[in-house]
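The values are calculated or read from the model by the stated rules, or taken from the named source; none is laboratory data. Not measured: the values here are computed from a predicted model. Note that we place each Cβ from the backbone using ideal geometry, even for glycine, and neighbour counts take in every protein chain shown. Note: accessible area is taken over every heavy atom of the protein model, side chains too, but ligands, DNA and RNA are not part of it. Shrake-Rupley method; radii C 1.70, N 1.55, O 1.52, S 1.80 Å.
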Amino acid sequence: MLIIGHRGASELAPENTLKSIQRALDDGVEMIEIDVSICQSGEAVVMHNIKVDKTTNGSGYIKNLPLKEIRELDAGEGEKVPLLQEVIDLIDSRCPLNIEIKGRGSAQEVSRILENEIRKGRSWDDFMVSSFDHFELQEFGKLRQEVRISPIICGLPLGLASFTDGIKAWSLNMNMENVCREIVEDAHKKGLKVLIFTVNDPDELAYVSEIGVDGVFTNNKFRLLGIK
Ligand code: G3P
Ligand code: MG
């Protein structure tokens, strides 16, 4: 079972901050997931919501705020909102990074950053790109065929894993509440891994293991494994 740090180690440090990423690295997760959006001045910043209100002391839509203003915000415990580049530099290939792209217009910039990382000597296997926005993900897949890509859903589609047919996906990522054996088996028939969010306790882990899931996103690896 692949254990993926969700927004870093978001139960133990402010989500999607360098502190949270460092905590996930220290905890020894096998992959780290972050959420990425493009701000008004064009940089790829790490935040889950489309507005800065929930996780910082500021307000407004990321797409309307320049990086300079975003960098002045407190993302919790004095942490700044990181750039995607800073997360890549901090992880430094110690585990793969799952970049979840939020919203339109992010494929191009994320592709540019990853291409630059490859030029510096990193491996394509250091990255996986996912999204709920399957149009943007498809766009990214066309730009960078070398990177693993993963469409995300929340819910159980009538066609099970067939929604992935137009995308050369590596995995199907979906929510804990709707996953069932049928969709896991259908995804496996298509050669896809199945990764589930957000799984935080041993009971949930036992259930997803039993139905054949390949990996879980967790906010706290130790609570997931029942370690105090
Ligand atoms: O990528 C898995 C999970 O992070 C998707 O949901 O809303 O936490 O980004 P969300
Ligand atoms: Mg996410």
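Exactly one residue out of A13, A75 is assigned to a loop (DSSP other than H, G, I, E, B), more than 15 Å from ligand 1 (Cβ to nearest atom) and surrounded by fewer than 22 Cβ atoms within 10 Å (Cβ to Cβ): that is A13. Of the residues P157, P151, which is in contact with a helix residue (DSSP H, G or I) (Cβ under 7 Å, 6 or more places away or on another chain) and within 15 Å of ligand 2 (Cβ to nearest atom)? Answer to the selection: P151. The residue of the stretch 90-114 that is most open to solvent (accessible area, probe 1.4 Å), among those that are more than 16 Å from ligand 2 (Cβ to nearest atom) and either in contact with a Lys or Arg (Cβ under 7 Å, 6 or more places away or on another chain) or acidic (D, E) (or both), is D92. Cβ separations smaller than 6 Å between residues 6+ apart or across chains give the following pairs from the stretch 1-20 residues that are within 12 Å of G76 (Cβ to Cβ) and hydroxyl-bearing (S, T, Y) to residues that are more than 12 Å from ligand 2 (Cβ to nearest atom) and not in a loop (DSSP other than H, G, I, E, B): S10/S20.
Every listed requirement among (1) out of contact with any Pro (no Cβ under 8 Å at 6 or more places or on another chain); (2) open to solvent by less than 60 Å² (accessible area, probe 1.4 Å) is met by C39 save one, (1). Search the stretch 54-66 for residues being touching a residue at least 12 places away in the same chain (Cβ under 8 Å) and either of a type in the set (V, I, T) or open to solvent by less than 30 Å² (accessible area, probe 1.4 Å) (or both), and hand back the single one that is nearest to ligand 1 (Cβ to nearest atom). My answer is T55.
Scanning the stretch 124-138 for residues that are open to solvent by less than 10 Å² (accessible area, probe 1.4 Å) and assigned to a helix (DSSP H, G or I) yields one hit, L137. Which one of the conditions (1) charged (D, E, K, R); (2) surrounded by fewer than 15 Cβ atoms within 10 Å (Cβ to Cβ); (3) in contact with a helix residue (DSSP H, G or I) (Cβ under 8 Å, 6 or more places away or on another chain); (4) free of Cβ contacts under 8 Å to residues at least 12 places away in the same chain does K51 fail to meet, given that it meets all the rest? Only one criterion in (1) charged (D, E, K, R); (2) surrounded by fewer than 15 Cβ atoms within 10 Å (Cβ to Cβ); (3) in contact with a helix residue (DSSP H, G or I) (Cβ under 8 Å, 6 or more places away or on another chain); (4) free of Cβ contacts under 8 Å to residues at least 12 places away in the same chain is unmet by K51, namely (2).
Do we have L25 as in a loop (DSSP other than H, G, I, E, B), more than 14 Å from ligand 1 (Cβ to nearest atom), more than 15 Å from P82 (Cα to Cα) and touching a helix residue (DSSP H, G or I) at 6+ places or on another chain (Cβ under 9 Å) here? Against the criterion (in a loop (DSSP other than H, G, I, E, B), more than 14 Å from ligand 1 (Cβ to nearest atom), more than 15 Å from P82 (Cα to Cα) and touching a helix residue (DSSP H, G or I) at 6+ places or on another chain (Cβ under 9 Å)), L25 does not qualify. Where the second residue is open to solvent by 10 Å² or more (accessible area, probe 1.4 Å) and among the small types (G, A, S) and the first is within 9 Å of S130 (Cβ to Cβ) and touching a residue at least 24 places away in the same chain (Cβ under 8 Å) and lies in the stretch 146-175, which pairs have Cβ atoms under 7 Å and are six or more apart or on separate chains? Listed pairs, sorted by first residue: S150/A169. Of the residues V194, V208, V199, V216, which single one is aliphatic (A, V, I, L, M) and more than 15 Å from the chain's Cα centre (by Cα)? None of the other options fit; the residue is V208. Evaluate the following for P157: is it assigned to a loop (DSSP other than H, G, I, E, B) and surrounded by 13 or more Cβ atoms within 10 Å (Cβ to Cβ)? It is true that P157 is assigned to a loop (DSSP other than H, G, I, E, B) and surrounded by 13 or more Cβ atoms within 10 Å (Cβ to Cβ).
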